[in-house]
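Engineer: Here's a structure for you.
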Amino acid sequence: MRNLRVLAAAPARSPRCQADACRVAARLTYLPRVNSLPSPARPVLIVPPGAADRALGADADVLYICTHSYPGPRPEGFLDTDLTALHRPLTANALILDTCWGASPAIHRTLAALRPAHLPPLTLLASPHRVPFDHHVLAGPLLEALLTGPRTGPWPQRVAAAKATALASIELAAHARRDWARWHIRVIPGTRPTP
């Protein structure tokens, strides 16, 4: 069975998101049968403005993106890229989107348009609301559980099991006051035509 490839990404203009993504990625670097992208020595992709395709179009099984997004019909702050400018195919199996309004209809539509229709639907874990900065503490345990857990079964069930494992951990017991219920798992079928 091949190694799972995981990419953590953050925008170049947000040191706070970069620091959070680095904390999460540091937990994943030495997991068995997991390849951190771009490399173990550089486990977080820093995305310059206008280049979100570098992250969303990466050849990875799991993407973790820590960024900012803003409400409205077009969340322009998504990795400092206008959603309408994204064009590379989104082939990852699961996307953990650590941003405000990451499960908004506009982002759903964009992700569906990037997802090739012939692939299984994308599994998205994100919030449809504002996400406080301290919510990044869920991402590390969740990704660790996802990447070391069972390698079979549909991705929505695998992400749900990883979320349940992370929330039941002693590590997250200290963070019980946080509203983890706002993190929803969505299944997004692709609408991008197959070339």
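Engineer: Only one of (1) surrounded by fewer than 22 Cβ atoms within 10 Å (Cβ to Cβ); (2) modelled with pLDDT under 95; (3) within 17 Å of the chain's Cα centre (by Cα) is not met by T165, so which one is it?
Structural biologist: (3)
Engineer: I've got another one for you. Identify all residues within the stretch 14-58 that are loosely packed, with under 14 Cβ neighbours inside 10 Å, within 20 Å of A145 (Cβ to Cβ) and modelled with pLDDT of 90 or more; write none if there are none.
Structural biologist: Across the stretch 14-58, the qualifying residues are P32, R33.
Engineer: Hey, among T123, T110, T81, which residue is open to solvent by less than 50 Å² (accessible area, probe 1.4 Å) and assigned to a loop (DSSP other than H, G, I, E, B)?
Structural biologist: Values: T123 fails: assigned to a loop (DSSP other than H, G, I, E, B); T110 fails: assigned to a loop (DSSP other than H, G, I, E, B).
Only one candidate qualifies: T81.
The values are calculated or read from the model by the stated rules, or taken from the named source; none is laboratory data. Just so you know, these numbers come straight off a predicted model, no measurement behind them. Here Cβ is always computed from backbone atoms with ideal geometry, including for glycine, and neighbour counts include all displayed protein chains. Only protein heavy atoms, including side chains, enter the accessible area calculation; ligands, DNA and RNA are left aside. Shrake-Rupley method; radii C 1.70, N 1.55, O 1.52, S 1.80 Å.
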